[in-house]
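Report on the structure given below.
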Amino acid sequence: SLVLIVLADQLGRSVGDMYEGAFVPGLVLTALYAGYVFIVSMLKPDAAPALPPEARSLRGWKLAWRVCTSLLPPLILIFLVLGTIFLGIATPTEGGAMGAAGALILAIMNRRLNWSLLRQGMDTTAKLSAFVIFILIGSTVFGLVFRGVDGDLWVEHLLTSLPGGQLGFLI
């Protein structure tokens, strides 16, 4: 996500467009990872052992209730952030605010919100914001210097003069 935001800034594109463009490749990667785990677990069952019987005590409606109460809140939170951006309801900044508000509501509902958790969240947010700002400053300075010494023309000439034409370029 952070890379997409930085890339959107450098390319002058919408962050929502960048997320939409990364959606299908992300699903493909997820399917490939799941397929890999499935194949490895079939070929080497010891690599992915099942839970011991004493850990598998929930069955029926209790298991369904546990899955819903564990799975739905994070999915709703993901929708609050990405869904509102994709649907055009919110900008990326507003989507982030929706996610922060949703996370606070979930913490209150689970009775886990306290001052130390709130302070930890604010510290992490400040650090992440500083990281992003320094990445943007560094990439802007690099881009200015790179273009100042005609680095973009050098790279273009290097790639267009590869032997083999378009096929050589692809190889």
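This table checks each residue for (1) touching a residue at least 24 places away in the same chain (Cβ under 8 Å); (2) farther than 24 Å from Val6 by Cβ; (3) open to solvent by 80 Å² or more (accessible area, probe 1.4 Å).
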| site | (1), (2), (3) |
| --- | --- |
| Thr69 | no, yes, no |
| Phe86 | yes, no, no |
| Leu113 | no, yes, no |
| Leu158 | no, yes, yes |
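Based on this model, can you work out whether Phe79 counts as under 23 Å from Glu20 (Cβ atoms), aromatic (Phe, Trp, Tyr) and open to solvent by 70 Å² or more (accessible area, probe 1.4 Å)? It is true that Phe79 is under 23 Å from Glu20 (Cβ atoms), aromatic (Phe, Trp, Tyr) and open to solvent by 70 Å² or more (accessible area, probe 1.4 Å).
Answer yes or no as to whether Leu43 is of a type outside the set (S, T, N, Q), out of contact with any His (no Cβ under 8 Å at 6 or more places or on another chain) and within 30 Å of Ala107 (Cα to Cα). No, not satisfied. Could you tell me whether Arg13 is among the basic types (Lys, Arg), open to solvent by 60 Å² or more (accessible area, probe 1.4 Å) and under 28 Å from Thr140 (Cβ atoms)? Criteria met by Arg13. Scanning segment 88-103 for residues that are under 16 Å from the mean Cα position of the chain (by Cα) and either open to solvent by 70 Å² or more (accessible area, probe 1.4 Å) or of a type in the set (Val, Ile, Thr) (or both) turns up just one, Thr93.
Inspect all residues belonging to segment 85-100 and state whether any of them is closer than 24 Å to Val15 by Cβ and touching a Leu at 6+ places or on another chain (Cβ under 6 Å). Within segment 85-100 (the criterion being closer than 24 Å to Val15 by Cβ and touching a Leu at 6+ places or on another chain (Cβ under 6 Å)), the answer is yes, since at least one residue qualifies.
Among the residues of segment 27-60, the one identified as surrounded by 11 or more Cβ atoms within 10 Å (Cβ to Cβ) and within 30 Å of Leu128 (Cα to Cα) is Leu29. Of the residues making up segment 123-144, none is open to solvent by 90 Å² or more (accessible area, probe 1.4 Å), more than 20 Å from the chain's Cα centre (by Cα) and among the charged types (D, E, K, R).
The values are calculated or read from the model by the stated rules, or taken from the named source; none is laboratory data. The shown structure was predicted, so the numbers you read here are calculated from the model rather than taken from an experiment. Every residue, glycine as well, gets a Cβ built from its backbone with ideal geometry; the counts of neighbours run over all protein chains shown. The accessibility values were calculated without ligands, DNA or RNA, using every heavy atom of the protein model including side chains. Shrake-Rupley method; radii C 1.70, N 1.55, O 1.52, S 1.80 Å.
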